[in-house]
Amino acid sequence: MVRAAVDALLGSLLPCPACGVRRAGSQGCCERCRRRAPHPGRRADAVWLGPYAGPLGRAVRALKYRGAGRLATWLGEALAAEVAATGWRPSLTCGVPMHAARRRQRGYDQAALLAARVAASLGIPYRPLLRRIRSTPPQTRLGQTARLDNVAGAFASENALGASVLLVDDVLTTGATTAACRTALLAAGARTVHVAVVARADRTTVPR
């Protein structure tokens, strides 16, 4: 109850990070932007809420870079609804992890926040199955081949034996990072790995 009261108070004071005009509300983003943001997409192994642009792109950047952790509630619940519609049957979720040094610098891991909310909405466990064992430069300035090389061998996993894993992240561009995570999870015994991300980007929508 205290957390809900704090969120309601903050929402009544802070501007919406997606439009900067209306109040954020208890979910960290105004109702109008929440209605406008999702344009879901899907492929055989992945789902996303929409393109990395407009209100959704601004919400993701606020979550990643501006400390707007409350947005994980809305985005995670919306993402869980898309996962439920696929017919997948994940047994647990995990997030694409940040390196420990970067997490200490930022103060939180946005993919972990999203994965925990998705798990709660789906009624399945959240487990931090993956570790980033090598710090890597940001992917935003790299081409596809360089991205693959950048994250190759950057992740390790344990205790995924027999699990049907839902891997959660904020943005999907070339898929190099999620592919490296999938490799690590399968090597650790995961049965299947599906991907759920908030936004899908192309090279023209990735911030420089």
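No value in this document is a laboratory result; all are computed from the given coordinates. A quick note: this is a predicted structure, and the numbers were derived from the prediction, not measured. With ideal geometry, Cβ positions are generated from the backbone for all residues, glycine too; neighbour counts draw on all protein chains shown.
Just a few scattered comments:
- Length available on full extension from Ala120 to Arg42: 0.36 nm per residue minus the Cα-Cα distance, which gives 25.9 nm.
- FRET efficiency for Arg32 and Leu161, using Cβ-Cβ distance with R0 set to 45 Å, rounded to 0.05: 0.50
- Length available on full extension from Ala85 to Arg104: 0.36 nm per residue minus the Cα-Cα distance, which gives 3.3 nm.
- Summary value for segment 39-200: 28 percent relative contact order, contacts being C-alpha pairs under 8 angstrom separated by 6+ residues.
- Charge dipole (debye, nearest 20) of segment 39-200; +1 at Cβ of Lys and Arg, -1 at Cβ of Asp and Glu: 440
- Cα gyration tensor category, rounded, prolate or oblate, for segment 39-200 with a/c compared to 1.5: rounded
- For segment 66-118: rounded, prolate or oblate by the Cα gyration tensor [a/c cutoff 1.5]: oblate
- Gyration tensor (alpha-carbon) shape descriptor, segment 16-113, a/c threshold 1.5: oblate
- Positive minus negative residues near Val165 (Lys, Arg vs Asp, Glu; Cβ under 11 Å): +3
- Rounded to the nearest whole Hz, the Karplus-based 3J(HN,Hα) values (6.51 cos²θ - 1.76 cosθ + 1.60, θ = phi - 60°) of segment 97-109 follow the sequence x, 7, 5, 4, 5, 6, 5, 4, 5, 7, x, 6, 10, with x at glycine and proline.
- Environment charge at Ala46 (Cβ cut-off 14 Å; Lys +1, Arg +1, Asp -1, Glu -1): 0
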